[in-house]
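A quick write-up on the structure given underneath.
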Amino acid sequence: MSQMTDADNSFIQEALPAFISEAQEQIESLEQLLLQLEDAPGDSELLNALFRCAHTVKGSAGIFGLDRVVAFTHHVETLLDKLREGQLDLTPALSTLLLQCNDQLRTLVAQARDADSAETAAALTERAALVERLQAAAGHADKADAATEAAPATAPAPAPANTGSARCWHVSAAFGTETFRNGMDPLALLNYVRGLGSVPNLVCDIAAVPPLDRLDPESCHLAFELGLDTDASRAEIEGAFSFVRDDCGLHVLEPGATPEDYARLIEAMPDNPRLGDILVASGAITRAQLQHGLRTQNEAAAAGATARPLGEILQSTSGVSAQVVNAALNKQTKAKQRDAAPATAAALTGDDGRFIRVQADRLDSVINLLGELVIAGAGAALLARQTRQGTLIEANAQIGRLIEEIRNGTLQLRMVPIGETFSRFRRVVRDTAAELGKDVLFDIVGGETELDKSVVERIADPLMHLVRNALDHGLEQPAERLARDKPGQGKLTLSACHESGSIVIRILDDGRGIDRERVLARAWERGLVEDGVTPPDEDILKLIFEAGFSTAEKVTNLSGRGVGMDVVRRNIEALRGTVTVYSDPGEGSRIEIRLPLTLAIIDGFLVGVGNSKFIFPLEAVVEVIESRSGVSTPDACGRRVVELRGRVLPVLSMRTLYGLETAEPERISVVVIKSGSHSYGVMVDVLLGQHQTVIKPLGRMFQSLRGMSGSSILGSGEVALILDVNSLGEFAAGKQSGPTKSLEAANGGHKTLVRS
Amino acid sequence: MAKRSKTSAALPAAAPVASALALPAELTIYTVGELHPQWLTWLGAGPAARPAEGPTEVQAEVQAAAVEQVDAAGLQLLLSLQIALAERGRSLHIQAPSAVLRSGCAALGLGTWLQAQMTEGARA
């Protein structure tokens, strides 16, 4: 790093976040690929993709001078290469090792954020231990390799260098004149090459450097001859030079190249008469060898054989192995962008061009502005209506339609498939199951279901907890399962789908289910339910979400610390979502999380009660029926019932619920709301129609208010409250007491109500 | 170390040296464009402009203690200076190269070259 300039440093500071986020994606892919490989060991496409991911991380880390990452990834790559070449099989132990290495890599990349952070001795030891295990694993392959070589093989003998752990290549690189101007620094590049292995000899060929008076200081005239002791393949070595490849004379000689090869190398570079001397000086070959080589070459030429171009020689020499062929094949597939390439590989490598990376906060600020635009647009439309000028109203209506389209389009930008979050759990399930000695088949359904990015981010933790819980408490040990006539392998399914404007995430397991007796006993013990009182079945299950509840008989480090489920519920409710648990004892349980698609703007249905305005999420509104006040007598909480097509519909009165002290009009409307599997009605005075609702949080004072999920500012500047259809539904079904606070306090002080 | 003190002791005897060239803190692609004309002027002002000096090697002193950043372009400029001096029958003497310059040279395979530029003065 010390050789970097200020400009380099500032570039690195700017580009580093992008590197980190990309590296993290690669690491994520690595993990997914490793896990996929466990199900399909030996899949060459997956192995190749795996190798590419690791290589990309190493390559870009090299550019940023992250030596720790480069050095460590190098060892991982060596092992992956062995796997790819089929010299090694991916055993579960090896897979675990690679996953651990991936974790290490993740840590290292995270550390890259502050470059100066010193490593603790413990971290160093840990990494050294991993490297040792990697080398041991890779070395194992060498031994196996040597063994097969020793056996009389029918195949042509592999390159002799394969028997050693490291191989000494010879690299000859003449940098093009434009190298500096293209922003490349041979010094940094050579440092990167050092990361591939060790460089026992390096000579800078300065023959082409002109004296100062004839020098263009920004043109590069440097050439290098170096030996490179590495396990890396030809493709990797050449890859190191990929950024300067276009104007760099690069020749890579296989380990064990004969003096004739060097001779041809010299021939291939006619404008460098001193190359022979340099090669000798660099220790690549001895002078005697070189002269012998040159003589052979000349004799061959004299005998009439045309000297073949170096490239051809390199590819036909005995030492050229599968690596060269692979490299060539890789290039071909890349160049042709074959559609036939298997989906995994294509998904990982092919899609790059079709995406733009945008910082999330830029998007957020656009969405904030959009919220303001929606409100301002509504205000303008209102004013236009008041003027009663047809053309103005029409113009405003047109603007309104456009705003709505922009709104939908912009919110769509924030939508991400939930599958990425889901697939993170593969690893959790794998490790947790292994730790608990359970055999678990993990299934993901509906990973393509999209929802708002901020929701996705905030749902990950609660989901993690629920998944762990299902593994820990839900699924039984294999022996226990077999004893109950179930397959030994437990099944855990994570699914997602859209359902009437919200997303439903389900966590399904076929474990022992929830033991109602034990839940109840615990609830009595903890005083969550009055001793001896037995609530209805579904309410018993809900108790597991109460604070301070835990049924685990032994506290494991995975779950069972009693801080879990109530936090899960709170987190989900903070996202305006709900969580419900269903369970059949002995058959398994199902946890359903219902979340709104977005947290920012919804389509609302605006209604008025007295002087107050309320908004229902439009998706929840089924129909509106007309009614008369005083049709039925309200109960103590102001609930009534009406008959709707032969069925009894509970109806809530906003007046009673929130203590609005205005007289009820003669004719009222009942808005029929569907919440989950129930329907209920809400009595309102006037229907004000569809309304684009920018959701603002409630002021702190009103957060304890039940049945409200937020507020919104109308075009007129009035504040409307957004109703939480689920909690109102529970109230309608009589499951909880009504909201306690009077809304009258709120009516006087709109300003304090909204916290924006 | 002993070698270098000998060098500096030999300095006054090494005679009509133009004032030593001080290398800047930054010897990289970002400064070479600026340094090149300066160094050329310095080169022109040196004793090689007077061929009467004859074949005796004349040292060109370069102060290298201040170098804090190097890259290949910067080192190439230094190399080029040495080549130009050699053409004029002079040798480059790099005084007290900083650690950065040393490691930069080593990384570029110029370790022995640098060593030669440090000791050559002693020979003269």
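A few notes on this one:
- Per residue, the convex hull around the alpha carbon atoms of the stretch A:607-667 comes to 101 Å³.
- Ranking of B:MET118, A:MET184 by count of other Cβ atoms within 10 Å, fewest first: B:MET118, A:MET184
- Overall size of the stretch A:360-414 from C-alpha positions, given as principal axis extents largest first: 42, 15, 9 Å.
- Using the average count of surrounding beta-carbon atoms within 10 Å as a protection proxy, the listed peptides A:89-98, A:692-701, A:404-413 rank, highest first, as A:692-701, A:89-98, A:404-413.
- Whole-number D in µm²/s for the stretch A:416-596 (Stokes-Einstein; Kirkwood sum over Cα pairs; 25 °C, 0.890 mPa s): 147 µm²/s
- Test item: A:174-184 mean partner chain Cβ contacts at 10 Å: 2
- 10 Å Cβ neighbours from other chains, averaged over peptide B:28-35: 5
- The local environment of A:SER712, defined by Cβ-Cβ distances under 11 Å, has a net charge of +1 under the rule Lys, Arg +1 and Asp, Glu -1.
- Residue mean of other protein chain beta carbons inside 10 Å, B:65-74: 6
- Arranged from fewest to most other beta-carbon atoms within 10 Å of their beta carbon, A:PHE605, A:PHE702 become A:PHE702, A:PHE605.
- The stretch A:566-713: equivalent-ellipsoid semi-axes (sqrt of 5 x gyration tensor eigenvalues, Cα, Å): 28, 21, 15
- Order of A:TRP524, B:TRP113, B:TRP39 under a 10 Å beta carbon neighbour criterion, fewest first: A:TRP524, B:TRP113, B:TRP39
- Under the combined filter of DSSP loop state and at most 10 neighbouring Cβ atoms within 10 Å, the stretch A:429-469 retains these GluC sites (Glu not before Pro): A:GLU448.
Each value in this text was obtained by applying a stated rule to the coordinates, not by laboratory testing. Predicted model only: the values in this text are computed from it and were never measured. All Cβ positions, even for glycine, are placed from backbone atoms using ideal geometry, and neighbour counts span all protein chains on display.
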